[in-house]
Amino acid sequence: MRLWWLFALALPCTAQAQSVHLKWSAPVGSMCPNGATLSADVEQLTGQRFVSDPEAAEVRLVGRIERAELGVAAQIEAHTADGTPIGTRELRAGSDDCASLRRPLAMVLALLLEQPIPTRRHIPFGLGVELAGNTHLMPRTTGGVGLLALIAPASWLRIRMQSHYWWPVLAETARGSGAQLQAVDGAFSLCPRLGGGSQLALWLCVGAQAGGVFASARGLSQSASKTLPFADLLTELVGSWRAGKLGVWASGGPLFALSRPQLYFERADTVQVAVHRASPVGAIFRVAMTTGGQ
């Protein structure tokens, strides 16, 4: 009894303020302590109040008493709301002595609540959609739609990944022959913050994109299709606005071609018809809406 009260006097000095839920089960009709009794004992020891909703709890305690071969066994597990384990304990008693587990169990529960809460570092991640324009890839400025993923490993840095589908454009020669072009690409860039805060900010994104242009011959006696790979360097100035988990991003900047394959088709008379070649320098501009912890 004396140890019990010394323990009770020591714990409130160091008890952590946190929301806790206790889920407890014991054999029906036994003299084993129930969840309500243990919650009251822990509250007396530590001043810790328990919440009834497990979803609202920062720490979740799960315990049960089961009949064992030589008596009863009490098992306790503690974990955080995201499933990170805090600790486990096990106590045993004789079959006719289950009630004696009440005070030891209360002490064990109180000690588990004294353990430092482990934390996992969550890297914010956001997803979104965007509209884009490109003056470089096609014979004339074309628009496209895309998907955007943002990772925030640090407050001053964003990692940006994008993919686009560029709408079809018709490229024609002076004689009226040509091809219909459309394209897909993927882009990766690193974006350090130049200024601003958590709501409004300015970023400089530097990266590369690569993809393929798909061409279908038009107005030629020989019908054919071709795919041309391309790769570009990109530099963009990006402005962002955030309200909670919603973000709006607007950007624009130059593109520099790393590869400029010539697109041509061969007519039936074996004469090659040059259709299009991407310009060495162009521009890209985008507007995106994202959601998440970007």
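Structural remarks
- Here E43, E55, E66, E90 are screened, and the one residue that is among the acidic types (D, E), loosely packed, with under 15 Cβ neighbours inside 10 Å, out of contact with any strand residue (DSSP E or B) (no Cβ under 6 Å at 6 or more places or on another chain) and not in a loop (DSSP other than H, G, I, E, B) is E55.
- Against the conditions (1) in a strand (DSSP E or B); (2) at pLDDT below 95; (3) within 23 Å of I159 (Cβ to Cβ), S198 satisfies every one except (1).
- Residue match in the range 151-168 (condition: in contact with a Pro (Cβ under 7 Å, 6 or more places away or on another chain) and either assigned to a loop (DSSP other than H, G, I, E, B) or surrounded by fewer than 14 Cβ atoms within 10 Å (Cβ to Cβ) (or both)): yes
- Members of the range 100-126 that are surrounded by fewer than 13 Cβ atoms within 10 Å (Cβ to Cβ) and either among the hydrophobic types (A, V, I, L, M, F, W, C) or within 30 Å of W241 (Cα to Cα) (or both): T119, R120, R121, H122, I123
Okay, residues lined up against (1) assigned to a strand (DSSP E or B); (2) at pLDDT below 95; (3) closer than 17 Å to R160 by Cα; (4) not hydrophobic (A, V, I, L, M, F, W, C):
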residue: L202; (1), (2), (3), (4): yes, no, yes, no
residue: A208; (1), (2), (3), (4): yes, no, yes, no
residue: G212; (1), (2), (3), (4): yes, yes, no, yes
residue: S221; (1), (2), (3), (4): no, yes, no, yes
residue: L228; (1), (2), (3), (4): yes, yes, no, no
residue: T235; (1), (2), (3), (4): yes, no, yes, yes
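- Any hit, the range 93-105, residues being at pLDDT 90 or above, over 30 Å from L147 (Cβ atoms) and touching a Lys or Arg at 6+ places or on another chain (Cβ under 8 Å): no
- Only residues that are at pLDDT 85 or above and in a loop (DSSP other than H, G, I, E, B) were counted across the range 1-27, and they come to 3.
- Checked against the criterion of being β-branched (V, I, T) and in contact (Cβ under 8 Å) with a residue 40 or more places away in the chain, the candidates I86, I117, I123, I76 yield just one match: I117.
- Every residue from the range 251-288 that is at pLDDT 85 or above, surrounded by 13 or more Cβ atoms within 10 Å (Cβ to Cβ) and among the hydroxyl-bearing types (S, T, Y): S251, S279
The values are calculated or read from the model by the stated rules, or taken from the named source; none is laboratory data. Everything numeric in this text was worked out from a predicted model, so none of it was measured. Cβ coordinates were reconstructed from backbone atoms using ideal geometry, including for glycine residues, and neighbour counts include every protein chain displayed.
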